[in-house]
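Report on the following structure.
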Amino acid sequence: MKLKLLGFFCCMFFTLSTSAELTTANTIVKAIENFVAQETRNLPGDIIIKSGVPNSRLTRQPCEHLETFLPAGARMWGKFSVGVRCHGVNGWILYVPVEIAVITQTVHAAHTISTGKLLLEQDMIMKEVDLTRFSRDVLLDPRQAVGKMTATSLAAGQPIRQIQLRAPHVITRGQKVQLIVTGTGFSVSTEGSALTDAAAGELVQVRNSAGRVISGLAHQDGRVEIRQ
């Protein structure tokens, strides 16, 4: 991960009348940037941090011990605020606007993809984006999508999200399946007809040879297990 610190927001410049004020303001900015850099160290790609210091009388007095924190309910993503607390007799608290960009490669549809398509590597391309402008479940590696099926249609160039994918069906509606009925001390095998599609691990409805509709767990090999 690479880190870029851009300092004050362009709209947050202010005039500092003394070197002491400048030192205090720079100390606050540095503390904020160090705090954000530490908290975002595990994010992918390059992290760009923009911070600003409000024109406050609080920044005009030196502080021996600064504490930075994330306000309750805030999320360190996109635009947010960082709290700065000065401990001491004349202690104070201020909140500083911060913005981060997370520049990294994400998975996009290489072409228009219809619903229910089994994704192959050639269906995807990588593009560099600011991750904070997208949903958190956007894919970062095409291997997360290869072998999955699309749950929705995808436009060419659209970022691919985890929610838009599902596991491939191991059982399809109308398919003849082997039913395995298991219980304490017994296991019975019979045949049935699937009434719904299902991926491995999902429940599937099956009509057995007696005409009864029952639900069971779909297995990777196409068997359906009914536990009693």
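The values are calculated or read from the model by the stated rules, or taken from the named source; none is laboratory data. Fair warning: this is a prediction, and the values are worked out from it, not measured in the lab. Cβ placement follows ideal geometry from the backbone for every residue including glycine, while neighbour counts extend to all protein chains displayed. To get the accessible areas, we keep the full protein, side chains included, count just its heavy atoms, and leave off ligands, DNA and RNA. Shrake-Rupley method; radii C 1.70, N 1.55, O 1.52, S 1.80 Å.
Between Arg223 and Ala37, the FRET efficiency from the beta-carbon distance, with R0 = 45 Å, is close to 0.30. Over all other residues within a Cβ to Cβ distance under 10 Å of Thr182, the charged ones net out to 0, with Lys and Arg as +1 and Asp and Glu as -1.
Each other residue within a Cβ distance under 10 Å of Lys117 adds +1 if Lys or Arg and -1 if Asp or Glu, for a net charge of 0. Solvent exposure of region 149-228, expressed per residue, is 56 Å² of accessible area, with all protein chains present and a 1.4 angstrom probe. Net charge of the neighbourhood of Arg173, taken over other residues with C-beta under 12 Å away and scored Lys/Arg +1, Asp/Glu -1, is +1. Expressed as a whole percent, the proportion of Cα-Cα pairs in region 133-191 lying more than 15 Å apart is 65%.
The distance from the alpha carbon centre of region 150-192 to that of region 54-133 is 38 Å, rounded to a whole number.
Of the accessible area of region 143-183, computed with a 1.4 Å probe over protein heavy atoms only, carbon and sulfur atoms account for 53 percent. Using only side-chain charges placed at the Cβ, +1 for Lys and Arg and -1 for Asp and Glu, the dipole size of region 92-166 relative to its Cα centre rounds to 280 debye. Ignoring aspartates and glutamates fewer than eight residues from Lys176 along the same chain, the ones with Cα atoms less than 20 angstrom from its Cα are Glu191, Asp197, Glu202, Asp221, Glu225.
Only one of the listed values, (i) 28.0, 91; (ii) 16.4, 46; (iii) 15.7, 49, was derived from the coordinates as Rg and Dmax of the Cα atoms in Å; which label is it? This structure yields the entry labelled (i).
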